[in-house]
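Undergrad: Supplied in structure tokens, the structure appears directly below.
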Amino acid sequence: MTASLSLSQARRIALAAQGLAKVRPTGPVTSRAVGRTFARLQLVQIDSVNVVARSHYLPFFSRLGSYDPLILQAMAGRKPRKMMEYWAHEASFIRPEHFQDLLVWQKRAWVGAHRLDPAVRQDMEDRILLALTAGPPMTASELTAELGHDEDPDRDNWGWNWNIVKRVLEHLFEQGRISAASRTSQFERKYTLTSRVVADAKPFDVDAEASLDRLMDAAAQAHGIGTVRCFSDYFRTPLKAGADSVQRLVRAGRLERVVVRGWDRETFQHVEAKLPRKAAGRALLSPFDSLVFERRRLEELFGFHYRIEIYTPAAKRRFGYYVLPFLLREAIVARVDLKADRASRQLLVRSAFGEKNAPADTAVELAAELRLMATWLGLQEVLVWPVGDLAETLSAAVTKDGVAPGHHLRPDSPLRGEPGNVAMVSPVD
């Protein structure tokens, strides 16, 4: 018998699966808590935009509050690694156990290496692999200097102006032959052999269907409830193959068919999904947060229409450059355009808009969240610009209680550094 759920129940299942249904725990955030959160999410998208903080740091703040991002660097940069980089939902930190399965299904041969003369590319591959075998992890610029190959005659006519070394590096990364040992403070990958990152990463015959089933099962766990499209989008796997995988998971007892009233698509719930009695969370969500990956799902579940506007000319933006949705309990009730001005130590709210039917305490709760974020970022003040229908009440709420005394970030904190406005990948809206 197919279970019938209300839209509210579906929202609470989705929020619980993403770790956003509960009030955050009090007290210091441990490495174990960060690890549990990452295991629940399965992946975290990476992007170089640093207007507030690097995008992969924000999902953990949204779910845990103030924590030390150096924990993530340790998880990704020290053995035994709890996270590693690869293509998933765009460039992402993934759980190492998903790496071999993603190798089967991720095909991102867009980096320009295929344009090179095969003999030239092979020669560069051999030289890069020899250098990485003999030496420590290196960035693209360090490898370029090591190999004595700085200029590329086609460099100004392709992509992001990458030279041949970087193009071949990304080709080897896509093939899974090299990986990221860590990142520098300038957010550059330090490349090394994949065997040094994942001890058992060796070529072997993988059953493609079983591989996809594992990925789809993980995606369904992270979503709690959703459609084939939702689950396929999570790791960016093919939709048609995903539909077949979902049927296999239903037969295996991992997914159950459900009906969500008002949602006219075939829907499935993971057998391990929880339905909390209420959702009590509060969070500012990165534009690259996994709750908002799939825009159609977001609109159908929460009635929230969202498009990131960093690629939109300023005069045509509706809400701002780097707009974060604000989740309160089981609804997305507002959106704010934020910027961490590290020179003035201010968190700038460049616009604030409430959603239709936003509850009366929206401004008060949002102000509290902004104060918490400012403290985490080492900023001293929240400054609300007079833009948007929520700006006046939000400004009053922020002013009333002020910001907790800001702390100076340690010199090695990845939250230091000036904002950057260039995205690593183009998000799919």
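The values are calculated or read from the model by the stated rules, or taken from the named source; none is laboratory data. As the structure is a computational prediction, the values presented were derived from the model and not from experiment. Note: ideal-geometry Cβ built from the backbone for every residue, glycine included; neighbour counts use all protein chains shown. Just so you know, the surface numbers come from the protein's heavy atoms only, side chains and all, with ligands and any DNA or RNA stripped out. Shrake-Rupley method; radii C 1.70, N 1.55, O 1.52, S 1.80 Å.
Undergrad: Once the whole set of protein chains is in place, how much accessible area is left on R410, using a 1.4 Å probe, in Å² to the nearest 10?
TA: 120
Undergrad: Can you send over the solvent-accessible area of M75, 1.4 Å probe, protein chains only, in Å² to the nearest 10?
TA: 20
Undergrad: Further question: Please sort by residue number the chymotrypsin sites (Phe, Trp or Tyr not before Pro) in segment 162-238 whose DSSP state is loop and whose Cβ has at most 16 other Cβ atoms within 10 Å.
TA: Working: sites: W162, F173, F187, Y191, F204, F231, Y234, F235; in loops: W162, F187, F204, F235.
Those that pass, being in a loop and sparsely packed, are F187, F204.
Undergrad: Something else now. State, as an integer percentage, the relative contact order of segment 334-379 based on alpha-carbon contacts under 8 Å between residues 6 or more apart. All intermediate terms of the calculation are to be shown ahead of the outcome.
TA: Working: 44 pairs, mean separation 18.0, N = 46.
Result for segment 334-379 is 39 percent.
Undergrad: Another one. Rg/Rh for the chain to two decimals, with Rh computed the Kirkwood way over all alpha-carbon pairs.
TA: Working: Rg = 22.2 Å, Rh = 22.9 Å.
Over the Cα atoms of the chain, Rg/Rh equals 0.97.
Undergrad: Something else now. When ranked by the protection proxy of mean other Cβ atoms within 10 Å per residue, highest first, what sequence do the peptides 81-88, 121-128 form? Don't jump to the answer; show the numbers that get you there.
TA: Numbers: 81-88: 21.4, 121-128: 17.0.
Those peptides, ordered most packed to least, come out 81-88, 121-128.
Undergrad: Here's a follow-up. Suppose all protein chains stay in the model; what accessible area per residue would a 1.4 Å probe give for the chain, in Å²? Mind dumping the intermediate values first?
TA: On the way: 19060 Å² over 429 residues.
For the chain, the per-residue accessible area is 44 Å².
Undergrad: Just to confirm the filter: which chymotrypsin sites (Phe, Trp or Tyr not before Pro) across segment 248-322 are DSSP coil and have at most 13 other Cβ within 10 angstrom of their Cβ? Let's see the in-between values first.
TA: Values: sites: W263, F268, F288, F293, F302, F304, Y306, Y311, F319, Y321, Y322; in loops: W263, F288, F293, F304, Y306, Y311, F319, Y321, Y322.
For chymotrypsin sites (Phe, Trp or Tyr not before Pro) across segment 248-322 that sit outside H, G, I, E and B with at most 13 neighbouring Cβ atoms in 10 Å, the list reads Y311.
Undergrad: Determine the alpha carbon to alpha carbon distance for each of K166/K190; K339/K400; K107/K240; K190/K339 and list only those over 18 Å.
TA: Numbers: K166/K190 12 Å; K339/K400 21 Å; K107/K240 16 Å; K190/K339 28 Å.
Table pairs above 18 Å Cα-Cα are K339/K400; K190/K339.
Undergrad: At 1.4 Å probe size, with the rest of the protein present, what percent of the exposed accessible area of the chain is carbon and sulfur atoms?
TA: Numbers: 9910 of 19060 Å².
The nonpolar share, carbon plus sulfur, comes to 52 percent.
Undergrad: Starting from the Cα gyration tensor of segment 1-127, multiply each eigenvalue by 5, take the square root, and state the resulting semi-axes largest first in whole Å.
TA: Numbers: eigenvalues 233, 89, 38 Å².
Equivalent ellipsoid of segment 1-127: 34, 21, 14 Å, largest first.
Undergrad: Run the simple label-point estimate for S66 and K274 please: 7 Å along Cα→C-beta, distance reported in nm.
TA: For the pair S66/K274, the computed spacing is 2.6 nm.
Undergrad: Is the shape of segment 292-369 rounded, prolate or oblate, going by the alpha carbon gyration tensor and its root eigenvalues a ≥ b ≥ c, with a/c under 1.5 for rounded and a/b larger than b/c for prolate?
TA: Working: a/c = 2.07, a/b = 1.18, b/c = 1.75.
Verdict is oblate for segment 292-369.
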